[in-house]
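Enquirer: First, the structure itself, so that you have it in front of you.
The values are calculated or read from the model by the stated rules, or taken from the named source; none is laboratory data. All figures in this text were calculated on a predicted structure; none of them were measured in a lab. Note that each Cβ is placed from the backbone with ideal geometry, even for glycine, and that neighbours are counted across all protein chains shown.
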Amino acid sequence: MTAWRSHTAWLARAASLLVVALLAACGGGGGSADPVANTPTVAAPASCSVADQRSWLRSYMNDQYFWYANQGTPNESAASMDAYFQSLLYKPTDRYSYTQPTAQFTQFFSEGTQTGYGYSLAFPDAAATHFKVRFVEPASPVGQAGLLRGETVVSIDGYNSQQIAAGALPSVTTAGVSRSFTIVNAAGTTRTFSVNSANYAFATVPVSKVFSVPAAGGGTAKVGYLLLQQFVSGSSGALATAFNDFRTAGVTELVVDLRYNGGGSSTVARNLASMLGGSTLDGQTFAQFRYNDKQSARNFSYPFTTSGLPAAPIEGLSRVIFISSASTASASELVINGLKPFRKVVQIGTTTFGKPYAFQPREACGTTYNAVSLESVNAAGVGGFTAGIAPDCTVADDLTRQLGDAAEGRLSAALNYVSTGACPASASLESARAVGGGAALETAYGEAARPQMRID
């Protein structure tokens with residue numbers, strides 16, 4: 001897929017940064033059982049001069065980069081540290097590593113906020129004639145202005161869909177920049193409104209619900225539905241609320257919607273998997289992380305746990321149903337892959353992005369370097385899914401309905417699976433083509449994110 005430019009700088013939206021949770025943990029594997037002790041020491045640059053930053057970066061990449069033996073030739077005429085970093089990457093294998101301003105990294109992971117307007121768009125037709133709204137952050141400027149998933153974009157600041165996709169809108173990285181939207185809603189009514197970019201808190205769990213559907217063996221099944229957008233530390237409160245509600249409702253099935261979740265913290269990923277897997281998995285291997293051959297003594301296993309979770313696990317689930325797309329990446333894939341040796345996993349949607357790797361972000365002189373430094377496999381040694389994880393039921397993204405609507409195509413298919421144990425007869429290839437701001441990631445145009453899984 002063509003990589004399109006985002007109109008807002010990318011804001012480290014955690015989308016697939018697997019920050020491998022470097023929190024104290026117990027478990028097997030090489031190296032210490034504590035991931036923190038496995039973190040290689042990296043000295044800071046001697047100074048922030050260009051020469052010292054480049055020297056530091058070369059040394060760091062030679063020692064820590066997963067594909068250090070296949071690095072590119074340094075571009076000594078590079079105009080920026082990002083361009084210099086890009087020249088060192090093992091292309092095209094490495095479609096993951098990137099840099100970002102440390103302020104943006106901190107804003108997202110520590111503060112739980114981002115700067116922009118709060119929407120993403122996708123082409124619903126193969127001819128790419130017009131954009132529809134794919135997702136809206138509830139607390140964002142456009143969310144507060146009433147923009148809804150599924151509405152058609154006529155223009156933004158006077159630019160039509162083709163011009164927007166071609167990069168006509170300038171990037172916005174600061175608050176207070178006005179932008180005008182002309183939108184057509186489902187009833188055919190056209191409206192125009194303007195909002196200013198702003199710093200807003202993103203929703204980690206925008207939707208959680210409980211549905212009652214006919215059970216395959218008779219009677220009624222209580223199905224919990226969780227839409228998880230971000231694997232960040234700020235997810236814990238919303239996850240706790242959702243799982244406590246599920247327990248109170250007596251759910252016997254869970255549908256976890258990761259269709260737009262590009263990843264984030266491996267701690268949060270491990271905690272989610274532990275709450276899904278139940279206490280019987282306590283101490284079993286959730287994931288194994290492997291460094292390059294220079295650092296292999298630091299390899300470690302990361303176990304399922306019952307300690308420090310946002311909420312107690314849901315006990316007795318025989319399976320977990322995941323909703324996925326090509327925007328499902330990294331830490332999201334870690335959860336799916338990590339549960340497979342222990343629980344039946346049913347995947348509905350389309351093939352995931354394909355990032356079985358992780359970062360240990362390194363900051364230097366105001367820039368955070370996210371270079372692949374580890375690969376991950378599950379307890380059975382299965383990993384390497386660079387082409388993505390294929391679904392059991394291929395179902396299109398339904399932009400005509402809101403996320404969490406029982407009639408929305410993918411959620412409907414999941415609920416139908418609970419009732420019948422089968423994919424819907426109408427399951428077909430995804431028709432909506434999303435336009436991404438970054439490396440071939442099916443992230444819609446807008447506040448796009450990188451695939452990230454970070455060790456934190």
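Enquirer: Do the conditions hold for Pro74, that is, is it crowded, with 17+ Cβ neighbours inside 10 Å and either over 22 Å from Leu374 (Cβ atoms) or assigned by TED's automatic domain parsing to the domain that holds Glu363 (or both)?
Expert: Considered against the rule, which asks whether it is crowded, with 17+ Cβ neighbours inside 10 Å and either over 22 Å from Leu374 (Cβ atoms) or assigned by TED's automatic domain parsing to the domain that holds Glu363 (or both), Pro74 comes out as no.
Enquirer: Which one of these does Gly354 not meet: (1) without any contact (Cβ under 8 Å) to a residue 60 or more places away in the chain; (2) under 22 Å from the mean Cα position of the chain (by Cα); (3) over 22 Å from Ser301 (Cα atoms)?
Expert: (3)
Enquirer: Also, I was wondering about something else. Give the range 329-353 a look and list any residue that's out of contact with any Asp or Glu (no Cβ under 7 Å at 6 or more places or on another chain), buried (at least 20 other Cβ atoms within 10 Å of the Cβ) and not hydrophobic (A, V, I, L, M, F, W, C), or say none.
Expert: Residues satisfying the conditions are Ser330, Ser332, Glu333, Asn337, Gly338, Gly349.
Enquirer: Out of Phe105, Phe131, I need the residue that is under 19 Å from Thr182 (Cβ atoms) and out of contact with any His (no Cβ under 7 Å at 6 or more places or on another chain). Which one?
Expert: The conditions single out Phe131.
Enquirer: Quickly run through the range 216-225 and pick out the residues that are part of a strand (DSSP E or B) and either surrounded by fewer than 24 Cβ atoms within 10 Å (Cβ to Cβ) or hydroxyl-bearing (Ser, Thr, Tyr) (or both).
Expert: Correct list: Thr220, Ala221, Lys222, Gly224, Tyr225.
Enquirer: While we're looking at this one, here's another question. Out of Ala221, Ala168, which single residue is free of Cβ contacts under 8 Å to residues at least 24 places away in the same chain and of a type in the set (A, V, I, L, M, F, W, C)?
Expert: Only one candidate qualifies: Ala168.
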